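Reading through the C-alpha cells given below for one structure.
Laboratory data are not the source of any read-out in this text; all were calculated from the coordinates shown. What you see is a predicted model; the values in this text were computed from it and never measured. Don't worry about glycine lacking a Cβ; one is built from the backbone with ideal geometry, like all the others, and counts go over all protein chains shown.
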Amino acid sequence: MAISAKPSSSTTNVDLKNGVISREIFVDRGVYQDELERIFATSWLFVGHESQVPKPGDYFVSCMGEESVILCRDRQSQLHIFLNSCMHRGMKVCRYDEGNTPVFTCPYHGWSYATDGKLVGVPYFKDAYHEELDKSKWGLVEVAQLENYKGSIWATWDESAPSFFDYIGGFKLYLDLLLDTWDGQEGGTEVFGGVEKWVIPCNWKFPSENFIGDRYHNISHRSVDMVGIGPSGQGRRDMTERNGSRSLDICFPDLGHGTLGFLRSKDAPIAQAYQDSPVISEYFRWCEEERRRRRGEHTRLLGGPGTVFPNMSYLPRQPRSIAVWHPRGSNSTEAWRWYLVDKDAPQEVKDFLRHYYIRYSGPGGLTEQDDMENWNYAQTASSGVIARRRPYNYEMGMGRGDPDFQDNGLKLPGLVSDTTKARAAEQNQRAFYSRWSALMEP
Ligand code: FES
Ligand SMILES: [Fe+2]
C-alpha cells in the first residue's frame, strides 16, 4: 500500500489504484493550507444567485475559500465580486450580510469604494495625501473571472483558469437539472430570502464527498425515512417519482464533479405525488407535462444529490437547494445553504416548498442533522496518532463505470455506473479525489 502514515509534500495520500486514501488529508493542517492555495485560489467557486442582487447597488456578502467577498451590482447593472478587504489596512469594507448601497465606506479610516470597485473617497486627500495618492491603483481587488450561469454566480481568482464552461464540461447536463425550471425552461429559478449558515466540526471534504453520491449511508437516515417527511408523505424526499427507475452514479474523474441520477423507463407514468394538496399536485403534474413537451427523451432523467468540485453541493429536486462547504481549518466547515424555487411558481407552491425545505435541511431540519453527526464524530475519531496511521477505504465498485452509457437511445455523458442492483458505488468519491490529487499531488 503506497499510503504514508506521515504527511509530507513528497508522499502520496491518495492511492486510487488500491482504493485507499490517507486520513492525513482530513486532519493535517499543512495539507489544509495547501488546499487553500492549490484548490480554493484556482477553482471556480459558487458565490451566490443573481436573484439576491436584482437592483443596482444591491450586494450580498459571500465567501471564497476562507475569504470574505462582496457580490454586487454596480450602477450600470454589471455584476462584480470583490475581496471584502480595504486596500488601506485591510478592514472589511462591508460588515453586513446583504443590502443596497451607493458606496462601501470602510469603517476604519473612511476610504470609500463605488459599487464598481473604484476608490472614490479618501479622507484628507488634499491635506494629508497632498493629492498625490493615485486612487486609480487602489480599487478593491476583483476576481479574475466571473460567470452568471442561469442565475448561479461563479468566480475564480485565477486568470489562467479555464472558462466556467470548460470547468464544468459534460457535467452541465446534470447541473441544469438544478438550474432549469420544473416545466423545462432554461434558467428561471430564484432563491428564498436568507441563507442558512452554520458550523460543522469536520473537514470540508466530508460533506463534499457525501453529496457527490453517497447512496451507501441510507442507514443514517433510517428514522426520517420511517417518519416519512417527504412532500408525498413517503420517505425523506419525493421518492414516488423514482419508483421503478434505474439508479445511476455519474462522475467526471478529470473534473472532480459527480451526481446521482435516476432514469425512468420510456413509458413511466407521470408521478402522482403531493396528494395532501390538490393545488401542489396539479402544479407539479402540469410542470411534468410541460417538461416532457420541451425536453422529450431527457425528461426521463431525474437528478439526485451532486457536487461541483470542490465545495458546491446541491439537491436538484425537493428540497431543491445549493450548499457550499466553506473551509474553516482542517477540522471545521462553515455550511451555507441557499433554497431555490421556480420564480414563476404560484405563491402556494412556494410556501409549501419553503416549509418542506426547512423541515428537511439545515441545522434545524430532520435530515441534515444525521449527516452532521457522522462527519463530526468521524473527524474526531480520525485525528488521533493511532487513527491517523490507517487509511480510509474507497474500494466499492472499482472499475465498473461505463464511459459510453446509453439507455434506449438516451446517451449520458460521464462515467456511469448502474447501481440499481449493486445499491451503491464509490466511483464518484474516487473521481472527486482524482481531481483533488491532480491539484495537490501532481
Ligand atoms: S483600513 Fe480602510 S480606510 Fe484604513
Ligand atoms: Fe445524508
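Observations
- Under the Karplus curve 6.51 cos²θ - 1.76 cosθ + 1.60, θ = phi - 60°, whole-Hz ³J(HN,Hα) for the stretch 422-431, x wherever Gly or Pro sits: 5, 6, 7, 8, 10, 5, 5, 5, 5, 5
- Of G384, G139, G256, the one that fluctuates the most in a GNM where the chain has Cα springs shorter than 10 Å: G384
- Degrees between helix 368-382 axis and first principal axis of the chain (Cα, 0 to 90, nearest 10): 80 degrees
- Contour excess over end-to-end distance, with Cα ends at A41 and K126 and 0.36 nm allotted per residue: 26.8 nm
- When the charge dipole of the chain is built from unit charges on Cβ atoms (+1 for Lys and Arg, -1 for Asp and Glu) and taken about the Cα centre, the candidate among I212, T420, S265 whose Cα reaches farthest toward its positive end is T420.
- Estimated vicinal HN-Hα couplings, Hz - the stretch 306-320 in sequence order (Karplus 6.51, -1.76, 1.60; Gly, Pro = x): x, 9, 9, 4, x, 9, 9, 10, 7, 10, x, 10, 4, x, 5
- Distance between the stretch 74-129 and the stretch 285-303 - C-alpha centres, whole angstrom: 46 Å
- Placing pseudo-labels 7 Å out from each Cα toward the beta carbon at H88 and T380 gives an inter-label distance of 4.5 nm.
- Gain upon complete extension [Y108, Q347; 0.36 nm per residue less C-alpha separation]: 81.7 nm
- Taking label points 7 Å from Cα along the Cα-to-Cβ direction, N148 and E289 give a separation of 3.4 nm.
- Among the cysteines of the chain, C63, C72, C94, C202, C251, C287 have no other cysteine beta carbon within less than 4.7 Å of their own.
- Candidates L83, L366, L255, ranked by Gaussian network fluctuation over the chain, Cα under 10 Å, top entry: L366
- Scaled against 2.2 N^0.38 Å for its residue count N, the alpha carbon radius of gyration of the chain is 1.03.
- Per residue, the convex hull around the alpha carbon atoms of the stretch 46-145 comes to 96 Å³.
- Between S220 and K17, the modelled labels are 3.1 nm apart [label points 7 Å from Cα along Cα→Cβ].
- Per-residue HN-Hα couplings for the stretch 328-334 [Karplus 6.51, -1.76, 1.60; θ = phi - 60°; Hz; x = Gly/Pro]: 9, x, 5, 10, 8, 9, 9
- Per-residue extension of 0.36 nm, minus the Cα-Cα distance of N100 and Q33, leaves a gain of 20.7 nm for this segment.
- Neighbour-count order for F262, F211, fewest beta carbons within 10 angstrom listed first: F262, F211
- Taking amide H as placed 1.01 Å from N in the peptide plane, the amide H of H49 sits under 5 Å from that of I153, each at least 5 places away or on another chain.
- Cut-off under 5 Å, modelled amide H: who pairs with M64 long-range: V69
- Within the listed set V141, V324, V69, the residue fluctuating most in the Gaussian network model of the chain (springs between alpha-carbon atoms under 10 angstrom) is V141.
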